1. I'm trying to understand the selection: among the residues of region 93-133, which are over 14 Å from ALA162 (Cα atoms), of a type in the set (A, V, I, L, M), crowded, with 20+ Cβ neighbours inside 10 Å and in contact with a Gly (Cβ under 7 Å, 6 or more places away or on another chain)?
2. Starting from region 166-184, keep only residues that are of a type in the set (S, T, N, Q), then list their pairs with residues that are at pLDDT 90 or above and outside any helix (DSSP H, G or I) whose Cβ atoms are within a distance under 9 Å, requiring at least 6 positions of separation or different chains.
Amino acid sequence: MEAKSLDPIETHPEPSPAGVAAGPSRERRRHAAWTLFAAIAAAIVVSDQLLKQWIVANYTPNRIYPVVGDWLRIDLIHNAGGLFGLLQGQALAFAVVTVGAVCLICWLQLRWGWRSWLITLALGLLLGGAIGNFIDRIRFRYVVDFADIGIGTWRWYIFNIADMAVTCFFLLLIGIWLVAPRLLAGGDGGEEDATSPSDAGASSDAVTSSDAKGPVAE
């Protein structure tokens with residue numbers, strides 16, 4: 001028996017055209033992908049909220065606490081804007097936009113995520129980050145940010161775990177686009193169109209070749 005590939009940039013394997021039932025196999029892949037998607041998002045949300053609660057309980061806002069010299073510091077702030085502190089004073093507007101974003105992320109997972117573990121991982125990170133900051137905006141009308149990294153006077157934007165997850169999503173998306181763009185070019189995830197154009201072409205060639213050889217003796 002041929003070993004299954006563990007290459008994470010490969011799309012989830014499609015059923016062979018030789019009469020293997022596609023439905024159950026596809027449904028198992030979708031179920032596994034949705035489970036991973038939800039687990040990643042839940043892990044980001046829980047860790048983000050727990051760490052924020054601990055930071056708020058143990059640190060004073062707008063006061064710098066060195067952790068690893070000047071490289072990593074705790075600087076608790078209330079961010080009433082978006083990612084990286086953009087558009088201050090629009091926390092409620094961002095909360096409304098987040099609801100639409102969550103729906104879009106789930107639709108993307110339905111359409112493409114089940115085809116590749118990397119896509120599922122990226123979308124799970126994005127969903128967890130979006131929900132983590134959404135909870136803050138609903139509870140406080142601002143986002144709790146605290147992680148300050150940099151060297152000397154050169155500092156990155158103060159962020160939290162949810163922001164890290166969103167940033168990792170964008171980095172993964174760029175990496176996928178550069179290394180395996182085929183993962184972003186898949187067709188509809190529906191039952192009627194489960195194969196990409198290249199897979200469909202390969203299946204068609206296989207059937208044509210089989211027809212040319214004549215019927216197989218049983």
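The values are calculated or read from the model by the stated rules, or taken from the named source; none is laboratory data. As the structure is a prediction and not an experimental result, all values here were calculated from the model. Counting neighbours? That spans all protein chains shown, and the Cβs are built from the backbone with ideal geometry, glycine included.
1. ILE119 - this is the single residue of region 93-133 that is over 14 Å from ALA162 (Cα atoms), of a type in the set (A, V, I, L, M), crowded, with 20+ Cβ neighbours inside 10 Å and in contact with a Gly (Cβ under 7 Å, 6 or more places away or on another chain).
2. THR167/PHE159
Yes/no per residue for (1) at pLDDT 85 or above; (2) assigned to a loop (DSSP other than H, G, I, E, B); (3) out of contact with any strand residue (DSSP E or B) (no Cβ under 7 Å at 6 or more places or on another chain); (4) more than 26 Å from PHE134 (Cβ to Cβ):
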| site | (1), (2), (3), (4) |
| --- | --- |
| PHE37 | yes, no, yes, no |
| ALA42 | yes, no, yes, no |
| VAL45 | yes, no, yes, no |
| PHE84 | no, no, yes, no |
| LEU87 | no, yes, yes, no |
